[in-house]
1. Starting at the first residue of region 241-258, write each ³J(HN,Hα) from the Karplus equation 6.51 cos²θ - 1.76 cosθ + 1.60 with θ = phi - 60°, in whole Hz, x for Gly and Pro.
2. Please compute, over every Cα-Cα pair in region 227-267, the percentage with a separation greater than 13 angstrom.
3. What number comes out for the charge environment of residue 349, summing +1 per Lys or Arg and -1 per Asp or Glu over other residues with Cβ under 10 Å away?
4. Tell me which residues come under 5 Å, amide H to amide H, from residue 160 once H is placed; ignore anything under 5 positions away on its chain.
5. Can you tell me the relative contact order of the chain? Whole percent, Cα pairs under 8 Å, sequence separation 6 or more.
6. Using the Cα centre of the chain as origin and beta-carbon charges of +1 (Lys, Arg) and -1 (Asp, Glu), tell me which of 216, 391, 87 is placed farthest towards the positive end of the dipole.
7. With the crude spin-label approximation of a point 7 Å out along Cα→Cβ, what separation in nm comes out for residue 127 versus residue 53?
8. Step through the residues of region 62-79 one at a time and calculate ³J(HN,Hα) from phi using the Karplus curve (6.51 cos²θ - 1.76 cosθ + 1.60, θ = phi - 60°), rounding each to whole Hz and writing x for Gly and Pro.
Amino acid sequence: MKRHLKSILAVLAFTLWAIQIAWVSFESIAADADKGVEGVKPVTEIDRQIDDNAQRSLAEGRRIFRFDTFGDEAFWGDAIQLHQSIQGERFGGVGPGVGPGAALDAGLKVDVDALPPELVESLRNGQVDLTDPANTLALLKANAVVGVTGIFDSSGNLRSMGIQCALCHSTVDDSFAPGIGHRLDGWANRDLNVGAIINLSSDLSAVAKLLGISEGAVRAVLAAWGPGKFDAALLLDGKGFRPDGKTAATLIPPAFGLAGVNLHTWTGWGSVPHWNAFVANLEMHGKGTFFDPRLKDSTQFPVAARAGFDNVRSDPDLISAKLPDLHFYQLAIPAPKPPEGSFDQNAALRGKQVFESKAKCATCHVPPTFTEPGWNMHTAEEIGIDDFQASRSPDKRYRTSPLKGLWTHSKGGFYHDGRFATLRDVVDHYNNHFGLSLSEQEQMDLTEYLKSL
Ligand code: HEC
Ligand code: HEC
């Protein structure tokens, strides 16, 4: 009997213990849910300061990304006088001017949220003459041309202009009309014909002088770029064309999904803040500070070495103080999810298996960033292409591209120069280069998976 009681008590104790464990874990699950996805509510003053700082930095970074010219109007307006060709003779500039239609054709985008309601109404009713530069000026006054700022004097005349990061790394959702809609920050503008836009300028002598070639030769280089391309290395090495005669320009990559990625640009020039400072100073021609002694190499970078791009100092410095917030904002931009129905879900699931096993893609494109944690660089030989573009960069390699949001930039093709028109062509290339022996089905599945990222 005593023994029996003992075992009943033991069972009871065990049951109570089990209930207690279950209760505690239930409580902690409930508490976790209460804390939200992060699992940690800000409790201390320091926690709250961090949260406030993140919010402030995001807002300021967004403003810089969209609207800050870093003082680059000294180049786009004062030096190459691009604003004069945009407004045209009738407004004191040169030539016929650029109407909104031609601006949209060149791939410039209009932010519908910045338009005054009357202008939206007139556009909707087809009452805006899309050939009249006066209407381009109205869009610029409303600050509605994505990535372009018109600088007007007190009597409303356009006296200069500047450009922003958003020019190349934002587009719009076309919700109002093609080229007119809500902003999509971080998306590559693959419609934008940067070369044609710069070629609108009637005076490119500043660029010709820098490169040490004729203005005609500069114009030929720019005309060859085409939509969605820009050549960030032109002003370093002066190479306008590849050995095969094609343009040396590269595709504009997206600026989303970059958090956790080590090296940036197609050829891995450096970190995001390195490249932001590089672009703001050397490409946009803003006024700041930039230091990169690799550019002193006069064999690889004759133009940059001559111009002293390895050590740029401006007074005042309109860039350096903006780098922290700009960096923070860029890292916060997520890669957008593909629209429902844009890929075959079952095939994509099978393709994921192929990506991670037989095709060995994930050895370099490591999920979830889809690039290697670490030194994410490869020689041209490793990936089976020529080394022209790699040889124009300090490490002479290609960076493993992050693959999220590929569906947003299929226009212009894939790889740095768009040499593969479709994702299927990319898969074919790897199948041949690595001798993967993928079946037709596996290649199709892999392609659907790429579309699903
Ligand atoms: C005239 C078009 C243009 C403008 C303006 C521009 N970029 Fe870029 N951006 C490019 C191109 C082209 C590349 C690819 C360069 C390369 O790989 O050689 C690039 C690359 C990048 C990358 C690397 C992306 C990756 O996949 O690693 C980042 C980050 C970036 N730009 C940020 C910016 C920021 C920030 C600004 C504003 C300060 C800016 N860009 C202004 C065209 C532009
Ligand atoms: C040895 C490392 C490596 C392997 C393995 C690899 N890739 Fe890549 N991948 C790269 C590099 C490097 C680039 C950049 C090429 C360039 O800049 O032109 C790239 C580019 C790409 C791009 C183009 C991205 C863009 O924005 O245009 C796609 C798509 C891609 N890879 C898919 C795959 C698939 C699918 C596989 C497996 C069949 C694979 N990769 C295997 C290194 C690799």
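No lab work stands behind these numbers, since they all come straight from the coordinates. Keep in mind it's a predicted model, so treat the numbers as computed, not measured. Here the Cβ positions follow ideal geometry from the backbone for every residue, glycine too, while neighbour counts run over all protein chains shown.
1. Along region 241-258, the couplings run 9, 6, x, 7, x, 7, 4, 8, 5, 10, 5, 6, x, x, 10, 10, x, 9 Hz.
2. Within region 227-267, distances greater than 13 Å cover 60 percent of Cα pairs.
3. Cβ neighbours under 10 Å give a net charge of -1.
4. Hits under the 5 Å cutoff: 151.
5. 14 percent
6. 391
7. For the pair residue 127/residue 53, the computed spacing is 5.2 nm.
8. Working through the residues one at a time gives 5, 4, 5, 4, 8, 10, 7, 9, 6, x, 6, 4, 4, 8, 5, x, 4, 7 Hz.
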